Amino acid sequence: MSCDVFLDLLAREASAAEFEAPLLEARVAGADPGVLAELETTKLAALRVRSLLEHRARREAELAALFDTASDLAGLRGLDAVLEAIVRRARRLLGADVSYMTLTDDDRGDTCMRVTDGSVSAAFRSLRIPFGAGLAGLVAQTGTPYSTPDYFDDQRFRHRTYIDAAVQEEDLVAILGVPMRLGSRVIGVLFASNRSARPFVPEEVALLGSLAAHAAIAIDNARLLDETRAALEELSAANELIKARSAAVERAAQAHDRMTTLVVRGGGVQDVAEVIIDVLGGALLVRDAEGRRLAAVGAIGEPDDDIVAEAAAASRALGRAVQRGRLWIASIATGAETLGTIILRTPEAGELSASDQRILERGALVTALLLLFRRSVAEAEGRVRGELLDDLLTGRATDVDALRARARLVGVDLGAPHVLLVVRHDGDRQRAAFWAASYASAAGGLAAARGEEIVLLLPGLDPGAAARRVAKECGTALGTTATAGAVGPVQEAAEVAAAHREAGRCADALLALGRAGQGADAAELGFVGLLVGDGRDVTGFLTSALGPVMDYDGRRGTKLVRTLEVYFEAGGSLSRAAERLHVHVNTVTQRLDRVGKLLGERWQSPEHALEIQLALRLRRLTVPGDADGNRDGASG
């Protein structure tokens, strides 16, 4: 059995259980141990890939919230406004009923409620919880995240009557709390909770932890600024020192603002690196998780890989930048995923100040968000567009208003006329899916990749032109032959499924006719279009094939159409046609010359003659008796 079966399972997004079937079948078939070992290895690799794909999908929602939070930090100066934004986003992203934040009071030995979102109880909003009491006190005391699907039934926590009463008055059941840290110190706890029982998965814990990190930075900045202002007022003797500290804090805030603003405006890793060096000086190198260079500023050389690897691991474990000689190394990471490393060589030997270390660490955080965002944005948008088009093609979603609302989120107006295209290709499927998603996004349409078929729904009125353009560009992008059939314009969402079937038949007809690599719609396929099209536009076909001749007969009272019928029935013999028409051979010749002037010189070519004969037969069926109703004329 071939290991390719696992690729097929990945392509159709099979469940984890289905990956066991190929191995079981091989065992039943008596495959040798080598084959079984290879299948087992491939299965494990495929399951890891499947897990990674699911993990990346979850990252999409996380990134949006983290970038919104970063934008708030850049745009909001008030601590309350920033903390409220973080709590609000924690509630929205985790789908929680209530989210809240407590801050640690070391002097009183407790943690007190600071910000809430979704709370209705005054008693709950004014809670002060001693260290070790309840879930909040345990997180504040230990600095460890805790979650419970049902707080009142969970005996891990020291329940206090007044705490339980406030929680019960808020009607909370499931609670997740994560610590907000500054170094090794816990300054507060961020919570997400629900009014019904539910477990919290590790990804949700990691995401809430990332938001808690933002909250800790905002609180730290505010506290540092307050301490600086107080010192300026109280300690005139230390005025210069306080000014330097204030400048350092403001410098850190400005650097953070510059970096987050860069990301919001579409900047890259190189731009962030240049901001860090502009603030700190020295030289800097950014590597990805595999050690490849992503950006560099200044002459840093090639640091020792073993030293960098050890320092990056230490930075990841400590959650801060670490020093190795003149090098400062910060791990670029988010959640459980390591994305790369930032390496800074300072201008002179010595340690960075605490605020400068935070600038470097914030640079690593912003770079992590940027790398995750750039990696996920294309996948996320392509998936949204593909799912919407799949719903239109299958008819699963019948609420037109909901479909249009979903389409507007990705910049598509389903109320406008569109053309639907089916592209047949034999290129790489993953590459084809990426091309289709990028092409549809640029054109303001939708795309879905299904095996060796690409389906596109694009704004426009000319399906034939769109088909030719797509066949050419898709073939060039994939380095193979792409054949496109098109239908349109499509005006309603309900028409998409039927249009898909007809466009597929157009593409198949092109392949059957030996026209691989081309694009066309049913109307351009001539009489073949009558066979593949749902419209069956007989009148349009007759007009296309015989229109000028029929119009001439109608205006002049001649019998050119009848002459054509008899000419083809006589096998192209002028003499036999003249005999049957009871006219001279010259008359037949003159009439056919007139036909040539009306239909073009190539009207007797095999392809055109076949269409004309089919049109004559269809006319005889649709206009009975008309073929003999005109007078014989001496000339055409």
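In the stretch 338-360, the residue that is farthest from V249 (Cα to Cα) out of those that are aliphatic (A, V, I, L, M), at pLDDT 70 or above and outside any helix (DSSP H, G or I) is L339.
Considering only residues that are small (G, A, S) and either touching a Leu at 6+ places or on another chain (Cβ under 8 Å) or surrounded by fewer than 17 Cβ atoms within 10 Å (Cβ to Cβ) (or both), which ones fall in the stretch 570-612? Result: G571, G572, S573, S575, G596, G600, S605, A609. Checking each residue in the stretch 21-54 for being under 22 Å from V201 (Cβ atoms) and either small (G, A, S) or touching a helix residue (DSSP H, G or I) at 6+ places or on another chain (Cβ under 7 Å) (or both) picks out L47, V49, R50, S51. Taking first residues from the stretch 421-433 that are assigned by TED's automatic domain parsing to the domain that holds A507 and partners that are among the acidic types (D, E) and in a helix (DSSP H, G or I), the Cβ contacts under 8 Å between residues at least 6 apart in sequence or on separate chains come to R424/D508.
There is no residue in the stretch 436-444 that is among the polar types (S, T, N, Q) and not in a helix (DSSP H, G or I).
Does R181 satisfy being basic (K, R) and in a helix (DSSP H, G or I)? Here the answer is no, as R181 does not meet what is asked. Of the residues G109, G132, G143, which single one is touching a helix residue (DSSP H, G or I) at 6+ places or on another chain (Cβ under 7 Å) and surrounded by fewer than 17 Cβ atoms within 10 Å (Cβ to Cβ)? Within the list G109, G132, G143, the selection yields G132.
Let's see how each residue does on (1) at pLDDT below 80; (2) of a type in the set (A, V, I, L, M, F, W, C):
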position: P22; (1), (2): no, no
position: D32; (1), (2): no, no
position: L44; (1), (2): no, yes
position: R50; (1), (2): yes, no
position: A57; (1), (2): yes, yes
position: D72; (1), (2): yes, no
position: L76; (1), (2): yes, yes
position: A81; (1), (2): yes, yes
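Would you call V272 touching a helix residue (DSSP H, G or I) at 6+ places or on another chain (Cβ under 9 Å) and assigned to a strand (DSSP E or B)? Criteria not met by V272.
In the set D508, D551, which member is in a helix (DSSP H, G or I) and either more than 30 Å from G464 (Cα to Cα) or modelled with pLDDT of 85 or more (or both)? Result of the check over D508, D551: D551. Put simply, of L456, L414, L446, L461 the only residue that is assigned by TED's automatic domain parsing to the domain that holds D521, buried (at least 19 other Cβ atoms within 10 Å of the Cβ) and under 21 Å from Q518 (Cβ atoms) is L456. Residue selection: G363 fails the criterion of being more than 20 Å from the chain's Cα centre (by Cα), in the same structural domain as L280 (by TED's automatic domain parsing) and modelled with pLDDT under 70. If you check every pair at least six apart or on different chains, which have Cβ atoms under 7 Å apart with a residue in the stretch 312-326 that is hydroxyl-bearing (S, T, Y) first and a residue that is buried (at least 18 other Cβ atoms within 10 Å of the Cβ) second? Every condition considered, the pairs that remain are S315/A321; S315/V322; S315/I329; S315/A330; S315/S331.
For the stretch 157-176, give me each residue that is of a type outside the set (V, I, T), touching a Ser or Thr at 6+ places or on another chain (Cβ under 7 Å) and part of a strand (DSSP E or B). Correct list: A174, L176.
For R619, the conditions (1) over 15 Å from P548 (Cβ atoms); (2) modelled with pLDDT under 80 all hold with the exception of (1). Screening R265 on (1) surrounded by 15 or more Cβ atoms within 10 Å (Cβ to Cβ); (2) modelled with pLDDT under 80 shows it passes everything except condition (1). Among the residues of the stretch 17-39, those that are surrounded by 13 or more Cβ atoms within 10 Å (Cβ to Cβ) and in contact (Cβ under 8 Å) with a residue 12 or more places away in the chain comprise F19, P22, L23, E25, A26, A31, V35, L36, E38, L39.
The values are calculated or read from the model by the stated rules, or taken from the named source; none is laboratory data. All figures in this text were calculated on a predicted structure; none of them were measured in a lab. With ideal geometry, Cβ positions are generated from the backbone for all residues, glycine too; neighbour counts draw on all protein chains shown.
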